[in-house]
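The values are calculated or read from the model by the stated rules, or taken from the named source; none is laboratory data. Keep in mind that what you see is a predicted model, and the values were worked out from it rather than measured. Counting neighbours? That spans all protein chains shown, and the Cβs are built from the backbone with ideal geometry, glycine included. Quick note on the areas: whole protein, heavy atoms, side chains included, nothing else; ligands and nucleic acids left out. Shrake-Rupley method; radii C 1.70, N 1.55, O 1.52, S 1.80 Å.
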Amino acid sequence: MAPVQAAVDLPAMQPIPGRPFGLYVHVPFCITRCGYCDFNTYTPAELGGVNPDAWLDALRAELELASARLDGPTLDTVFVGGGTPSLLGGARLTTLLDMVREHFELAPHAEITTEANPESTWPEFFQAIRSAGYTRVSLGMQSVVPHVLGVLDRVHTPNRSAGAAREALELGFEHVSLDLIYGTPGETDDDLLRSVDTAIETGVDHVSAYALVVEEGTALARRVRRGELSAPDNDVLARRYELVDERLHAAGLSWYEVSNWSRPGGECRHNLGYWNGGQWWGAGPGAHGYVGATRWWNVKHPNAYADLLAAAALPVSGYEELDTDAQHTEEVMLRIRLRQGLPISLLDAAERERARVAVDDGLLLARPDALVLTDRGRLLADAVVRMLLD
C-alpha cells in the first residue's frame, strides 16, 4: 500500500521566453523488472489498485492542473517514457496524446516520442500510434546477444528489437532510435559489435549507447556484491565506447551528444531541449519538471499519485529553487556534452583559464566561440566539468 502523501504546492512560475518547452510523461508500468534498472517502475504484483486506465484518469487531471498553472504554453516536444509505454497499447497511447492536445497547444511540426519495448510492439501498434500523431519511436535493444540479455534480465528475444525497428520504419516513422548498453559482465568486443552492426543494418537514424552502471538497490548490484558478476571495468568501458563510436561513424551516424549518435536531422529534439537549457513539465509518478528556476519531482507510487490528483492537488513530493550558481553549474555540465560545444561566453575569467589547461591537455578543442570535447575528452566528460568548475 502506498504511504499517505501530503500535498506540496509549487511556487508561481512561468516558462522562460525563447527557450524550448516540452512535456515528459512517465509511464510507471513494466511486466518484469530488469536487473540493472533503478527507474520508478512497478510490475503488476507491486501495484495494489492502479491499472493503466486509472493512471490515465489521474494523468488527465495532472495535465489539466499543469495547463492552468502555466497558462497553457505551446509544446515543442512531447516524450512518453518509462517504464514501458508500449504496454499501454496503441489505443491508450492515442488517448494520452489526445489528452495532451486537450490541455496544451502543440507547435507546428512538434516532435512526439514514445519509448517502447520490442516485445510489446507489433505492426498494428506502430500503425496506431503513427496515425495518432507520434513522430518518433525509441526502442530498447540493449543487445542482440542472448547471454548478455540474460545478465541484464531483458525479456525480449535477440532478434525482436531489430524486427520492431524495421516495422516502425516500414509503417512510416522517419525517426526510430535503438538504445544499446555496453559493458555488461561477460560481454566481449565481438558481442557489442554484433549489436551495433544489427542496429545499423535496420536503417534507423538514431542510436543511443550507455555504459552499464551498477545502481545500488538493484538485483545487478546484489549479484556483483555477492561475487556472482564482476563490476564493469573503466578501461573496458572506454574501449567499448570507442568501438561504438568508430562503427557508427563509419556508417554515417555522428555523435551529437556524448551518448547519442544520429544521421543528419535524426537528433532527438526533446533531449536536446534538456541539454540546451529548455523547460519542461514532468507528468506522472516520479516525474521531474523544471520551469523558470524551479525544479520539482512528483510522488513516486502510482497510488499516492492518483490519490493526490483525486483531491485536486498537484502530485508534487518536493521542489527546489536553483540559484544562479546552481543554474550555471548545470548549464556547463549539460552543454559541454554536446557536439556544438559550450559557449565560451558562459564562462567567467577563472573558468576560461581552466579551459585553456583542458585544451592543452587534449580534452577540449577551442573554437572561436565554443569549447568542444575531443575524442579523449568524451571519455572523461565528467572530469572535464569538474576541471572547469572547481
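Hey, what D do you get for the chain in µm²/s if you plug the Kirkwood alpha-carbon radius into Stokes-Einstein at 25 °C and 0.890 mPa s?
111 µm²/s
Per DSSP H run of at least 4 residues, take -39500 (n - 2.57); add these up for the chain, divide by its residues and hand me the 222 nm value, nearest 500 deg cm²/dmol.
Value at 222 nm, helices only, nearest 500: -12000 deg cm²/dmol.
How many nm separate the modelled label positions at Glu46 and Ala349, each set 7 Å beyond the Cα in the direction of the Cβ?
5.2 nm
May I ask for the net charge around Ser262, where only other residues with Cβ less than 15 Å from the Cβ of Ser262 are counted and Lys, Arg are +1 while Asp, Glu are -1?
Charge balance in the 15 Å sphere: -1.
Just add up the charged neighbours of Val372: K/R +1, D/E -1, any other residue whose Cβ is under 13 Å from the Cβ of Val372.
Result for the local shell: +3.
Can you list the cysteines of the chain that have no other Cys Cβ under 4.7 Å away?
When partners are defined as cysteine Cβ atoms under 4.7 Å apart, the chain leaves Cys30, Cys268 without one.
When only C-alpha pairs under 8 Å and at least 6 residues apart count, what is the relative contact order of the chain, in percent?
19 percent
In nm, give the distance between the simple-model label positions of Asp325 and Arg69, each being 7 Å from the Cα along the Cα-to-Cβ direction.
Once both label points are built, they end up 2.8 nm from each other.
At 18 angstrom or more along the helix axis (alpha-carbon based) and mean Kyte-Doolittle of -0.5 or higher, what helices does the chain contain? Whole DSSP H runs only.
52-70, 89-103, 189-202
Mind checking the per residue accessible area of the chain for me, 1.4 Å probe, whole number of Å²?
That works out to 43 Å² for each residue.
Quick one: dipole size for region 342-389, taken about the Cα centre, charges +1 on Lys/Arg Cβ and -1 on Asp/Glu Cβ, in debye to the nearest 20.
That gives region 342-389 a dipole magnitude of about 80 debye.
Among the DSSP beta bridges whose two residues both lie in the chain, what percent are antiparallel, rounded to the nearest 5?
40 percent
Can you give me the pair-distance distribution of region 272-337, C-alpha pairs, 5 Å bins, whole percents?
4, 17, 23, 20, 16, 10, 8, 3, 0
Considering the Cα trace of region 342-389, what is its radius of gyration and what is Dmax, both in angstroms?
Looking at region 342-389, its Cα Rg and Dmax stand at 9.4, 26 Å.
In region 177-257, which GluC sites (Glu not before Pro) are in a loop and have at most 16 other Cβ atoms within 10 Å, using DSSP for the loop call?
Answer in residue order: Glu215, Glu216, Glu228.
Below 14 angstrom from the Cβ of Met99, what's the summed charge of the other residues (Lys, Arg +1; Asp, Glu -1)?
Once all neighbours under 14 Å are counted, the net charge is -4.
With r as the distance between the Cβ atoms of Glu170 and Arg194 and R0 = 30 Å, compute the FRET efficiency 1/(1 + (r/R0)^6) and round to 0.05.
My answer for the efficiency is 0.85.
Near the amide H of Leu364, under 5 Å away, which other amide H atoms are found, from residues 5 or more places off or on another chain, if H is placed in the peptide plane?
Here the answer is Val359, Thr374, since their amide H atoms fall under 5 Å of that of Leu364.
So what are region 203-337's ellipsoid semi-axes, whole angstrom, largest first, if each one is the square root of 5 times an eigenvalue of the alpha-carbon gyration tensor?
They are 32, 24, 16 Å, listed from largest to smallest.
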